[in-house]
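Remarks on the structure that follows.
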Amino acid sequence: MNEVQAVARNGKAGAALDFDAVIIGAGVSGLYQLYRARELGLKVRVFEAGTGVGGTWYWNRYPGARFDSESWTYGYSFSQELLDEWHWDEHFAAQPETERYLNHVADKFDLRRDIQFNSRVAAAHYCEETRSWDVVMEDGRRYVTRFLITAIGVLSAATMPTIPGVARFKGQSCHTHYWPNEPVSFAGKRVAVIGTGATGVQTITEVAKTVGHLTVFQRTAQWSAPLHNGKIGKEEMDRIRANYPEIFARCQETYGCFIHAADPRATHEVTPEEREAFWEKLYGEPGFGIWMGNFRDILVDRKANALISDFVARKIRQRVKDPAVAEKLIPKNHGFGTRRVPLESGYFEVYNQPNVKLIDINETPIERITPAGIKTSDAEYEFDIIIYATGFDAITGAFDRIDIRGVDGVSLKEKWRDGPQTFLGILVDGFPNMLMVMGPHAGLGNFPRAAEYSADWVTGLIRFARERDLTRIEATAAGSEAWTEHVIAASEGLLFTEVDSWMTGINRNVEGKQVRRIMRYSGGHPAFRQHCEAAAADGYRKLALA
C-alpha cells in the first residue's frame, strides 16, 4: 500500500462532510456540472490539475489545435445571454479562442470561487459507514464528499510511446497534450513528429508552414478530409444567433449531436454518377458531412465502404504529387470512417514540400530515441525538436490513473479490466454516489451537446435524492449488466468494431489495452436520451436508492 492509498483508507473515514459534491475536472463538462450543482444549492468543489479552466482546451495548446465541430454548435446552450454576447471568430475555432470562451464562461458565472486549481486527485475511496467518498490529492490534502462526480474527459490521459531512450534526447521534446505555454519556433529547425492521428494531422500542417525540415514518422495512415474553415463576420454571426434554436434542435435529432445527419439513401440506390457527384459535394463542404452526412450504409456495408474509401483515396492521389508517398498516406488496414476522421487544412499538400519527409515505421521501425535524434532500423536522424503526437489512453484511461475504490475496497480499474461496465455510462454498481459525466458507454459525439445532457441527468438524479433525503445512489448489478449488453448489441454490424483504434479501446503503449472493447454507445444520441429519460421517468427504480 502506497502513501496515498494509506491516507485514503485511513484518513478521514467517519469525518463530517467537507462538500456535498466534488467534481473532478474543470473542462467543458466540469464547468457546466458546477453551474448545475450550484442551482441545487450544493456545497461543491471542483478539483482541477491545471492552473486554469478549459480541460482539453487548456492542455492541448499544440500548433494547429482547433475544433472539427462547427463552433456555433459547440458552445453551451444553457444561457441565452451567453449565446447573445459571444461572437465566434471562425466556423471551426482554434484552441486560443476556445480557451478564451471557456474563461469567459467561468468569469461570467463566477465559477472560479468553487474551483481549486493545481489539484490533481490521486485517490477516491468510498466509505460505507458514512455513505461518502474520501478524496485524496497528490499532495496529501484530503476531503470528504457525499457525491463524487467525474468530469475527466474522454481524451485526457496522454500516452507516450514505449520507445527506448525517450529521456536521453538532448533537444527539445514535448507531447502535444503538454505543449509549453511559451511560443515554440520551428524556423530553421529540424523537427520530427511521431504520430499521424487527428492531433498529428493538425500539428504537422501547422509546423510545416515555418519549419526548416520536417520528418513525419507514421504508423497508421488516416482517412483525413478537408475542414474548409472560414471566418465569421458580424452579419453571419447575427444570422447564427437568430438560428440558435433551430441549430440546437438539429443537433438533438442527429446520431452524433452534429448538424450533419446521414443521408437516407443507401450507396447502391443511386447511379455511379449521382454517387460521385454527392461525394464531390460533401468533400467540398465544411465539417464532418462526409463522415456523418454520407449514405446511411457506408459504416455497415463493406461494399459501400470500399466505394467511399476508393473515392477518398483518389483524392489523396490527386493532392500528393509523389505516387509512392501518396500510397503511404492511403490507409490499407481500415476503411473510411471506421476510425475517427481527422479534418485538415492542407495536410496532404505538406508532403509536396521539398523539406518534408514521410517515414513509414511499419517498413522501418523506430528502434530508439538517441541523444541526437531518432534511430530507425535503416538510418539515424538528427533533430532539434521531437514532437510526440501519440494520443491518449482513451475513455477509461483517466479513470485508471486515479485509485478509485468502491464498496469493500474494490478497485474500479480492476472491475473494468475486461472492459467497462456501467449503467447509462453514468453509474457503476459497487460504486455508490459516484456519477460520471461522459463516462464509458455514454452517448458520445459533439462533446458539449452530449456533456450538457449528461450533466443535466446527473443533476436531476441528485435533486431527486435530496428531495427524498436519500444518501446512497447506486447502479444495480442487473442494471449494469443489462446496459452493458445493450451497448455491445448496439455496436453489432458496425465496421468500426473490427478496427484497432481508441474507439475500440486499443492503445499499444498501454499495458492491457491490446484487446478490442466496446467503449461507447453506438445507438445514437437520440436513442441514448430515450433510455436515460425512461430511467428517470420510472422514478429511478432501476437504481438501488437508500
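Here are the numbers for this structure:
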| item | result |
| --- | --- |
| Residue count, the stretch 316-337 (criterion: more than 22 Å from residue 288 (Cβ to Cβ) and open to solvent by less than 50 Å² (accessible area, probe 1.4 Å)) | 3 |
| Odd one out for residue 4, checked against (1) modelled with pLDDT under 95; (2) part of a loop (DSSP other than H, G, I, E, B); (3) not charged (D, E, K, R) | (2) |
| Restricting the stretch 397-443 to residues that are surrounded by fewer than 21 Cβ atoms within 10 Å (Cβ to Cβ) and on the phi > 0 side of the Ramachandran plot, the residue that is modelled with the lowest pLDDT | 419 |
| Residue count, the stretch 96-105 (criterion: farther than 13 Å from residue 58 by Cα and either outside any helix (DSSP H, G or I) or touching a strand residue (DSSP E or B) at 6+ places or on another chain (Cβ under 9 Å) (or both)) | 0 |
| Which numbered condition residue 313 misses (of (1) in contact (Cβ under 8 Å) with a residue 24 or more places away in the chain; (2) open to solvent by less than 20 Å² (accessible area, probe 1.4 Å); (3) among the hydrophobic types (A, V, I, L, M, F, W, C)) | (1) |
| Criterion: assigned to a loop (DSSP other than H, G, I, E, B), surrounded by fewer than 22 Cβ atoms within 10 Å (Cβ to Cβ) and not aromatic (Phe, Trp, Tyr) - qualifying residue of 185, 173 | 185 |
| Condition check for residue 497: over 20 Å from residue 396 (Cβ atoms), of a type in the set (S, T, N, Q) and open to solvent by 20 Å² or more (accessible area, probe 1.4 Å) | no |
| Residue, farthest from residue 468 (Cα to Cα), within the stretch 25-57, restricted to residues that are without any contact (Cβ under 8 Å) to a residue 60 or more places away in the chain and surrounded by 21 or more Cβ atoms within 10 Å (Cβ to Cβ) | 57 |
| Boolean, residue 157 is among the small types (Gly, Ala, Ser) and either touching a helix residue (DSSP H, G or I) at 6+ places or on another chain (Cβ under 6 Å) or in contact (Cβ under 8 Å) with a residue 40 or more places away in the chain (or both) | yes |
| Qualifying residue in the stretch 510-524 (condition: open to solvent by less than 60 Å² (accessible area, probe 1.4 Å), closer than 19 Å to residue 301 by Cβ and in contact (Cβ under 8 Å) with a residue 60 or more places away in the chain) | yes |
| Exclusive hit being open to solvent by less than 60 Å² (accessible area, probe 1.4 Å), more than 19 Å from residue 348 (Cβ to Cβ) and in contact with a Leu (Cβ under 7 Å, 6 or more places away or on another chain), set 230, 293, 256 | 293 |
| Which numbered condition residue 259 misses (of (1) within 29 Å of the chain's Cα centre (by Cα); (2) part of a helix (DSSP H, G or I); (3) closer than 23 Å to residue 76 by Cβ) | (2) |
| Any hit, the stretch 338-350, residues being modelled with pLDDT of 95 or more, farther than 19 Å from residue 206 by Cβ and open to solvent by 40 Å² or more (accessible area, probe 1.4 Å) | no |
| Output for the stretch 439-476, where each listed residue is under 16 Å from residue 147 (Cα atoms), in a loop (DSSP other than H, G, I, E, B) and touching a helix residue (DSSP H, G or I) at 6+ places or on another chain (Cβ under 9 Å) | 439, 470, 471, 472 |
| Count of the stretch 364-404 residues which are closer than 30 Å to residue 434 by Cβ and outside any loop (DSSP other than H, G, I, E, B) | 7 |
| Candidates 478, 489 - the one that is more than 20 Å from residue 258 (Cα to Cα), surrounded by fewer than 24 Cβ atoms within 10 Å (Cβ to Cβ), at pLDDT below 95 and more than 19 Å from the chain's Cα centre (by Cα) | 489 |
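The values are calculated or read from the model by the stated rules, or taken from the named source; none is laboratory data. What you are looking at is a predicted structure, and each value in this text was computed from that prediction instead of being measured. Counting neighbours? That spans all protein chains shown, and the Cβs are built from the backbone with ideal geometry, glycine included. The area values use the complete protein model at the heavy-atom level, side chains included, leaving out ligands, DNA and RNA. Shrake-Rupley method; radii C 1.70, N 1.55, O 1.52, S 1.80 Å.
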